[in-house]
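The values are calculated or read from the model by the stated rules, or taken from the named source; none is laboratory data. None of these values were measured; they are calculated from a predicted model. Here the Cβ positions follow ideal geometry from the backbone for every residue, glycine too, while neighbour counts run over all protein chains shown.
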Number of protein chains: 2
Amino acid sequence: MRADQIRTAIDQIVETHQEWRRGCGAGEDNDAATPDALAAQALLRDLSLRLSKSSTPWPSPRYLAHMTPDVPAAVLLAAFTTLLYNPNNVAAEASPVTTDLESEVAADLCALLGMPSDTAHAHLASGGHAANYEALWIARNLRSLPHAAAAGPDTRPLVAHLPDHVLANPPTHVAIDVQQNLARAGRLDNARARAATLRCTAERGPGALILAANAHSCWTKCADVLGFRPADVHRLPLGPEHRIDVAALEKLVPTLIQAGAPIAAVVATVGSCGQGSVDDVARIVQLRDHCERDYGATFHLHLDAALGGYWRALCRTPQDAIRAWDEEHSPVSFDVYSALIAIEHADTVTIDPHKAGHVPYPAGALVIRDRRATAAVATANDYFDEAARPAGERTLEGARPGTAAAAVWAAHRLIGLHAEGYGRLLGGWSDTAQRLHQAIPTSQYRPDLNILNINSAKSPQELRAHGLWVSSTTLDGADRLRLCVMKYLSPEAMRNIGLRPLL
Amino acid sequence: MRADQIRTAIDQIVETHQEWRRGCGAGEDNDAATPDALAAQALLRDLSLRLSKSSTPWPSPRYLAHMTPDVPAAVLLAAFTTLLYNPNNVAAEASPVTTDLESEVAADLCALLGMPSDTAHAHLASGGHAANYEALWIARNLRSLPHAAAAGPDTRPLVAHLPDHVLANPPTHVAIDVQQNLARAGRLDNARARAATLRCTAERGPGALILAANAHSCWTKCADVLGFRPADVHRLPLGPEHRIDVAALEKLVPTLIQAGAPIAAVVATVGSCGQGSVDDVARIVQLRDHCERDYGATFHLHLDAALGGYWRALCRTPQDAIRAWDEEHSPVSFDVYSALIAIEHADTVTIDPHKAGHVPYPAGALVIRDRRATAAVATANDYFDEAARPAGERTLEGARPGTAAAAVWAAHRLIGLHAEGYGRLLGGWSDTAQRLHQAIPTSQYRPDLNILNINSAKSPQELRAHGLWVSSTTLDGADRLRLCVMKYLSPEAMRNIGLRPLL
């Protein structure tokens, strides 16, 4: 939108909002709270100047540091419009419009990731941390139900057909079946209580949490918050491409399954924070399915695709079909393409609209392959009408801004969750990253998505003096510069940013 | 602000932002992402109309349902201004301005609650859920360190002077001393790991979580997420005023302390969700201090003041001094006043700016009496510069919107955290609630803050047909209408809302 179009849109938004306020029998402002209009104007002017003077210049072609996308004006204005009505998506009562928008967004995300439309479920969250916490909470709780059912004299008959190693590591559909049977028998609360008690024993514990050495730092918090002991956390080594060494996983998992040691979840990453690497999801899915075939027992697969999830748009046509990998034109490798396709087989997936989704903070999301899994964490909430069960009964979080739902909805509608929409944009980021990799001799590996690591004696501070914004990370135990490419740079723009200080 | 002042402010905000974008070498919009300006304009128009047609009419004098405050225009515009620059308060690098604003806001909240300025610490969160989770995470971890230190042959000498019942229930300052000594000895990580392992045993567990029957539903989630077993959760009965029965607490706590049974936390509420009741914080603080005097051992006191925290402004003069209770003019009872004053003695406090703070979602906050306690949950994060340690290393959450910090900052600056600012506004809510209580014969109790429960055969839906918006709750096991008063209604406005259908 041009500057004048942006102003016209704002005028309409504000006018409509003020009509609404008058219709509510309220004045145009809450003047009782802030009676001094001059003070308010001065404060806004100061804030505006301060932000414009000192903000991180992320729209600049020379800014390649944090994961901040260049949010389109229409998305910012969708957020602003909604902010004026301040809806709370904790329950539809408090957000009649944005709860609907969130349902649309949830369907979008399920479709983007290839999840089955009849069972899949998604909701927004404050960010990737919350989505990851919730995924592990669901997996930990759901997967400990069969064992707990077996430990209760009254519920044992419901799982009598399952051998011990399946009780320890039920395939997700088996765990959900057990859960449904417990609910039908009126014993779910009881079994959940017993499961919580059994998870707090030295013998069982919460189960193993298996993730890679490069998993996001939030997983350290997540494991601790959710009561995992250090010995429960298995850190897998990385292969030469900074992806999970799946061979190590293929050794570890059958050993645990055969020993009857419960696994709470295996976490793989689609777009690691430090390197942007994409784990071999297809092969991990294969392992999960082979374990089920061979042992009748397997693990919960969670994908932390906070960064990379939106790249799956590259694999989708505007008609919602899968698009074949195109060797000549694809901005990502076949490995990455295959991993993106395989996301559809995961049990839970974290995806952050506030990263590649082109929306402002805060907007994370959790996608759940089978909505029924959320019953393992659901609570009741007593102060809403029975008619519309509030979302907050099945989410880790309570109050959630409808503003975020509207922003994501606007971005999805205007950009499009397919190769010609997000695919074109993110393909442009990847293309830029590939060209930077080729142009910088000390770039350490071919980027999977949009992040480069560079071996350099210079610090981010030194480069800032040259007008270049980068961050730092650790690769193979050594400090590196990290370039996170959240924009398309044409060959000419790339020349203009002045890479010389980096070389 | 008048409508024209609002427009002028927006014009300046947008113009300054567009100058900033041009200064960054970027166009006025990310046209590559949303090239179709007409589609964008149409979408914004639709969204605006949809919101104005169907949003919950919370500014209306007839809206007494959800906890949605009438956010002043200046606060909405502060949020909008900041949204345009999309800062992420996970680290100062990504939010140079709003990290500073959050520091100011943190100091405000510590001062509002009377916390010692030299040790106290606060930060914003996505809401009360996250703040409560984090508080219990800190308490659970910190308080299990002394016991873990005693269990390690290498660390035992550090706690040799502490008897077993103190190891189980260390006063906060003792737990922090132990933590600091462990850190100095280079054994903190080791002790934290041992503590996590010991918490996952049938014998010790995570400790007792003591809260009232009316604690917010998020506490059920919180206990489950953090690995508390049903038997660890002690639900205290309520007294006749729907406050914690402190006599029951005074029996339970010494029994646990004498038995050497660890208590993770006692949670009291300042403004319960269903009834708005305020627990007798002063007497609970006294119990905590008496236990320390009598046994050398005591509990962590967390206050869930998500709703009620801002009422403490009633107790503060604009000069930052304590204001005596004024029998004639105070809109709250002496009991409530005393509880508000006593907040300053809590170990951790949850307070939600997006409730009585007059800011839009999402804005919760956690206030911590002694910042050092956060070392019990801190992690490292490897992709930022060493110089500025990111906030995300000590918070439950990662990405956090700088927009929220700016909104809270604007509200605090424009309203004022004292009796003539928030005190006047919230006093007006309480005054309105008192008058509603007097006017409605079936109102069940004199409200502590701003929530009434009404015995009525009518449902919220029936009342909506009369243009009245209320919600429902449970009181003493029976369904009630719940009126949540988030505005001042003059006697005339109260007459105009038409209470008859409620009576």
When residues of region B:357-376 are filtered for being crowded, with 24+ Cβ neighbours inside 10 Å and part of a helix (DSSP H, G or I), how many remain? 2
Going by the conditions given, is A:ASP118 of a type outside the set (Gly, Ala, Ser) and farther than 27 Å from A:GLY260 by Cα? yes
A:ALA94 - would you say it is closer than 30 Å to A:ARG22 by Cβ and either in contact with a strand residue (DSSP E or B) (Cβ under 9 Å, 6 or more places away or on another chain) or of a type in the set (Phe, Trp, Tyr) (or both)? yes
Evaluate the following for A:GLU28: is it within 7 Å of chain B (Cβ to nearest Cβ), over 35 Å from the mean Cα position of the chain (by Cα) and of a type in the set (Asp, Glu)? yes
Is it the case that B:ASP326 is under 20 Å from B:LEU238 (Cβ atoms) and assigned by TED's automatic domain parsing to the domain that holds B:PRO237? no
When only residues in region B:37-72 that are more than 7 Å from every other protein chain (Cβ to nearest Cβ) and among the charged types (D, E, K, R) count, which is nearest to A:VAL97 (Cα to Cα)? B:LYS53
Looking for something touching a Gly at 6+ places or on another chain (Cβ under 9 Å), part of a helix (DSSP H, G or I) and not hydrophobic (A, V, I, L, M, F, W, C) - is there at least one such residue anywhere in region B:76-90? yes
Out of all the residues in region B:281-300, is one or more aliphatic (A, V, I, L, M) and more than 28 Å from B:LEU167 (Cα to Cα)? no
Yes/no for A:ALA223 being in contact with an Asp or Glu (Cβ under 8 Å, 6 or more places away or on another chain), outside any helix (DSSP H, G or I) and under 25 Å from B:ALA375 (Cα atoms): no
Regarding B:LEU209, is this residue assigned by TED's automatic domain parsing to the domain that holds B:ALA375, in contact with a strand residue (DSSP E or B) (Cβ under 8 Å, 6 or more places away or on another chain), touching a residue at least 24 places away in the same chain (Cβ under 8 Å) and over 15 Å from B:ALA151 (Cβ atoms)? yes
Breaking point among (1) assigned to a helix (DSSP H, G or I); (2) over 21 Å from A:ALA215 (Cβ atoms), for A:HIS329: (1)
Based on what the data block shows, is B:GLN319 in a loop (DSSP other than H, G, I, E, B), polar (S, T, N, Q) and either touching a His at 6+ places or on another chain (Cβ under 7 Å) or on the phi > 0 side of the Ramachandran plot (or both)? no
Exactly one of (1) at pLDDT 95 or above; (2) over 19 Å from A:LEU77 (Cα atoms); (3) in contact with a Phe, Trp or Tyr (Cβ under 8 Å, 6 or more places away or on another chain) is unmet by B:ARG143. Its number? (3)
Checking B:ASP320 against (1) at pLDDT below 95; (2) surrounded by 20 or more Cβ atoms within 10 Å (Cβ to Cβ), only one condition comes out false. Which one? (2)
When restricted to A:GLU241, A:GLU250, the only residue touching an Asp or Glu at 6+ places or on another chain (Cβ under 8 Å) and in the same structural domain as A:ALA148 (by TED's automatic domain parsing) is A:GLU241
Single residue of region A:66-75 satisfying the filter (assigned to a loop (DSSP other than H, G, I, E, B) and of a type in the set (A, V, I, L, M)) that is surrounded by the most Cβ atoms within 10 Å (Cβ to Cβ): A:VAL71
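Quick grid of which residues meet (1) surrounded by fewer than 18 Cβ atoms within 10 Å (Cβ to Cβ); (2) more than 21 Å from the chain's Cα centre (by Cα); (3) part of a helix (DSSP H, G or I); (4) of a type in the set (Asp, Glu):
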position	(1), (2), (3), (4)
B:GLN258	yes, yes, yes, no
B:VAL267	no, no, no, no
B:VAL285	no, no, yes, no
B:ALA297	no, yes, no, no
B:ALA306	no, no, no, no
How many residues does region B:110-143 hold that are within 27 Å of A:ALA125 (Cα to Cα) and not polar (S, T, N, Q)? 18
When every residue in region A:440-479 that is surrounded by fewer than 19 Cβ atoms within 10 Å (Cβ to Cβ) and under 19 Å from B:PRO390 (Cβ atoms) is compared, the one nearest to the other protein chains (Cβ to nearest Cβ) is A:THR474
Out of (1) farther than 30 Å from A:LEU475 by Cβ; (2) modelled with pLDDT of 95 or more, the odd one out for B:GLU397 is which? (1)
Could you list all residues from region A:91-149 that are of a type in the set (D, E, K, R), over 17 Å from A:ILE351 (Cβ atoms) and more than 12 Å from chain B (Cβ to nearest Cβ)? A:ASP118, A:ARG143
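Among the candidates A:ARG435, A:ARG413, single out the residue that is free of Cβ contacts under 8 Å to residues at least 24 places away in the same chain, under 25 Å from B:GLY27 (Cβ atoms) and not small (Gly, Ala, Ser).
Answer to the selection: A:ARG413.
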What's the total number of residues in region A:251-288 that are out of contact with any strand residue (DSSP E or B) (no Cβ under 8 Å at 6 or more places or on another chain), under 29 Å from A:SER430 (Cβ atoms) and either at pLDDT below 95 or of a type in the set (D, E, K, R) (or both)? 1
On the basis of being modelled with pLDDT of 95 or more, over 19 Å from the mean Cα position of the chain (by Cα) and not basic (Lys, Arg), does B:ILE343 make the cut? no
